[in-house]
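Chemist: After the structure tokens below, expect a handful of questions from me.
The values are calculated or read from the model by the stated rules, or taken from the named source; none is laboratory data. Remember, it's a predicted structure, so these values are computed and weren't measured experimentally. Don't worry about glycine lacking a Cβ; one is built from the backbone with ideal geometry, like all the others, and counts go over all protein chains shown. Accessible surface is based on the protein model in full, side chains and every heavy atom, while ligands, DNA and RNA are left aside. Shrake-Rupley method; radii C 1.70, N 1.55, O 1.52, S 1.80 Å.
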Amino acid sequence: MMYNDINFETYLKNYPDKEGFFGKYGGCYVSPELKQAMMEISEAYFTICKSRKFIAELRRIRKEFQGRPTPISHLERLSSKLGNVQLYVKREDLNHSGAHKLNHCMGEALLAKYMGKKMVIAETGAGQHGVALATAAAYFGLECDIYMGAVDIKKQAPNVARMKILGANVIEVTEGLQTLKEAVDAAFAAYAKEYKDAIYCIGSVLGPHPFPLMVRDFQHVVGEEARAQFIEMTGELPDAIVACVGGGSNAMGFFSGFLNDPVDIYGIEPLGRGTKLGDHAASLQYGTEGIMHGFNSIMLKDENGEPAPVYSVASGLDYPSSGPEHAFLHEIGRVKYDVINDEDAIDAFFTLSRMEGIIPAIESSHAVAYGMKLAKEMGTGSVLINLSGRGDKDMDYVLENFGLR
Ligand SMILES: *Cc1c(COP(=O)(O)O)cnc(C)c1O
């Protein structure tokens, strides 16, 4: 399929280019020593990802350890309540450890093993990426250093406990505001020292090349499975698909299965409390071009051009930029990006729980809310939503802050 002069039949092979660019977005803007490390990872990945042994091992792990393929569920009661449009969800909440993140963490850790590394390093904010990586590291017997701001460590006690039980070292970062940004800086600094023995595992389709490409490849299984399953279930493609976008990994994996199809694609960013800078994390909606954390994309900046403070009720979505590939798909118009605020996400959280017996992550609730909105607007047809994770981690927070609805 051609779209704005881009051939989507060959798109996944041609984008990003060799330097890691999707149009003008992406690249590898890091210090010379980190650039060296990124090139080493890049070369290893391009060789290893074609090896039959690597592919077979990843397939086996997905089936026997992660529990893939995850199913698609038809939301019959919710669909009937809303009208004639049929809603479906791809159940990444049923992936081992409760979200899509393990898909790329298992890939990254398996790559570390093939490269002969002994350790994986990462930062974590809310702790979800840390838990997924600690799970992968335990599986492969790799050491795991997770950098986390002191403020986040206090806020996210259950995830800190999980990481420690899984054998990871949680390293407290006490610089600056003691949250995600400082954790990223500390983890990069540690990696620059230890890159001979370690690999940095980025938590989304973000960071310098080759990470946006690698993480998309490892998440592609979601879109590939979903497309085949949906056709098997219904005999046709969905009319529209929806996913939430923080950094953009669950969305990119899901979308990549459908880019060459006549399917409307929607990426949903968090509008938080409103449109004022600092009240949301809708970077593609309100941001401008800029470089941060090693890549060029669309980002929310403060008056000094630094990454702006962001907010969302979903801690997995509050990042001041999105992956470079989303900036590109936004620019060419292949994917439509829209927003859902806290209130509507919380409503969707309860609606899906009550009507279908599925408690979604608050991140995923943004996609569910938009799917419900689309269903009312479309009148007929079908919508497939990526349910990126389960909501167990959010239950206490929702009850405390929003009460039972
Ligand atoms: C981390 C997380 C997200 C956001 O990350 P993306 O890279 O945008 O997918 C979404 N949903 C869940 C359940 C998460 O844990």
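Chemist: Cα-Cα over 26 Å: which of Lys13/Lys118; Lys164/Lys393; Lys18/Lys90?
Modeler: Values: Lys13/Lys118 31 Å; Lys164/Lys393 17 Å; Lys18/Lys90 32 Å.
In this structure, Lys13/Lys118; Lys18/Lys90 lie more than 26 Å apart at Cα.
Chemist: How large is the charge dipole for segment 1-123, taken about the Cα centre, if only the Cβ atoms of Lys, Arg (+1) and Asp, Glu (-1) carry charge, to the nearest 20 debye?
Modeler: 560
Chemist: Just order 281-292, 32-43 by mean Cβ neighbour count inside 10 Å, highest at the front, would you? Walk me through the intermediate numbers first.
Modeler: On the way: 281-292: 19.8, 32-43: 15.3.
For the peptides 281-292, 32-43, the packing ranking is 281-292, 32-43.
Chemist: Could you give the nm distance between label points at Asp392 and Arg354, where each point is 7 Å from its Cα heading toward the beta carbon?
Modeler: 2.5
Chemist: Can I ask one more? Using a 10 Å cut-off on Cβ atoms, rank the peptides 356-364, 203-211, 64-72 from the highest mean neighbour count down. The partial results should precede the final answer.
Modeler: Values: 356-364: 24.2, 203-211: 26.1, 64-72: 16.6.
Put in order of decreasing packing, that is 203-211, 356-364, 64-72.
Chemist: Counting only protein heavy atoms, what percent of the accessible surface of the chain is carbon or sulfur at a 1.4 Å probe?
Modeler: Numbers: 8240 of 16380 Å².
Solvent-exposed carbon and sulfur of the chain make up 50 percent of the total.
Chemist: Explain nothing, just compute: Karplus ³J(HN,Hα) = 6.51 cos²θ - 1.76 cosθ + 1.60, θ = phi - 60°, for every residue of segment 272-287 in order, whole Hz, x for Gly and Pro.
Modeler: So the Karplus estimates, Gly and Pro as x, are x, 8, x, 8, 5, 4, x, 9, 8, 9, 8, 5, 6, 6, 10, x Hz.
Chemist: Using a Gaussian network model of the chain whose springs link C-alpha atoms within less than 10 Å, name the residue from Lys376, Lys81, Lys117 with the highest mean-square fluctuation.
Modeler: Greatest mean-square fluctuation among the candidates belongs to Lys81.
Chemist: Can you tell me which lysines have their Cα less than 20 Å from the Cα of Lys117? Leave out same-chain residues fewer than eight positions away.
Modeler: Excluding near neighbours in sequence, the set is Lys35, Lys50, Lys53, Lys193, Lys196.
Chemist: So, one more: Just want to confirm a number: the relative contact order over the chain, from Cα pairs under 8 angstrom separated by 6+ residues, in percent.
Modeler: Numbers: 844 pairs, mean separation 79.4, N = 405.
This gives 20 percent for the chain.
Chemist: For Lys155 and Thr47 in the same chain, what is the full-extension length gain: residue separation times 0.36 nm, less their Cα-Cα distance, in nm?
Modeler: Numbers: separation 108, 0.36 × 108 = 38.88 nm, distance 4.08 nm.
This chain segment gains 34.8 nm when fully extended.
Chemist: If you don't mind, another one. What accessible area, in Å² to the nearest ten, does a 1.4 Å probe give for Tyr191?
Modeler: Number for this one is 0 Å².
Chemist: How large is the accessible surface per residue of segment 293-343, computed with a 1.4 Å probe and reported in Å² as a whole number?
Modeler: Details: 1650 Å² over 51 residues.
Ligands and nucleic acids excluded, the figure is 32 Å² per residue.
Chemist: What full-extension length gain, to one decimal in nm, is calculated for Asn401 and Tyr29 as 0.36 nm per residue of separation minus the Cα-Cα distance? Could you put the intermediate results ahead of the total?
Modeler: On the way: separation 372, 0.36 × 372 = 133.92 nm, distance 3.98 nm.
Extending this stretch completely gives an extra 129.9 nm.
Chemist: Calculate for the chain the 222 nm mean residue ellipticity that helices alone would give, adding -39,500 (n - 2.57) per DSSP H run of length 4 or more and normalising by residue count, nearest 500 deg cm²/dmol. Show your work: numbers first, answer last.
Modeler: Details: 16 runs with 179 residues, N = 405.
The per-residue figure over the chain is -13500 deg cm²/dmol.
Chemist: So what's the net charge close to Ile171: Lys and Arg +1, Asp and Glu -1, counting the other residues with Cβ under 11 Å from its Cβ? Mind dumping the intermediate values first?
Modeler: Working: positive: none; negative: Glu123, Asp145, Glu172.
It works out to a net charge of -3.
Chemist: Ok, one more. Work through the residues other than Leu78 whose Cβ is under 14 Å from its Cβ and net out their charges, Lys, Arg +1 and Asp, Glu -1. Mind dumping the intermediate values first?
Modeler: Values: positive: Arg77, Lys81, Arg354, Lys373, Lys376; negative: Glu76, Asp347, Glu356.
Counting the neighbours of Leu78, the net charge comes to +2.
Chemist: Another question, if that's okay. Roll a 1.4 Å probe over the protein heavy atoms and report the accessible area of Arg354 in Å², nearest 10.
Modeler: Roughly 140 Å² of Arg354 is accessible to a 1.4 Å probe.
Chemist: On average, how much accessible surface per residue is there in segment 1-95, in Å², for a 1.4 Å probe, leaving out ligands, DNA and RNA?
Modeler: Working: 5540 Å² over 95 residues.
On a per-residue basis, 58 Å².
Chemist: For the residue pair Lys336 and Thr288, what label-to-label distance in nm results when each label sits 7 Å from Cα along the Cα-to-beta-carbon direction?
Modeler: 2.8
Chemist: Given 0.36 nm per residue, what is the gain on full extension from Lys63 to Ala228 after removing their alpha carbon distance, in nm?
Modeler: Details: separation 165, 0.36 × 165 = 59.40 nm, distance 1.65 nm.
In short, 57.8 nm is gained.
Chemist: Counting only the heavy atoms of the protein chains, how much of Cys49 is accessible to a 1.4 Å probe, in Å² to the nearest 10?
Modeler: Rounded to the nearest 10, that gives 40 Å².
Chemist: Hey, what's the Kirkwood Rh for the chain if you take every pair of different alpha carbons, in angstrom?
Modeler: Numbers: mean 1/r = 0.0476 Å⁻¹.
Hydrodynamic radius (Kirkwood, Cα pairs) of the chain is 21.0 Å.
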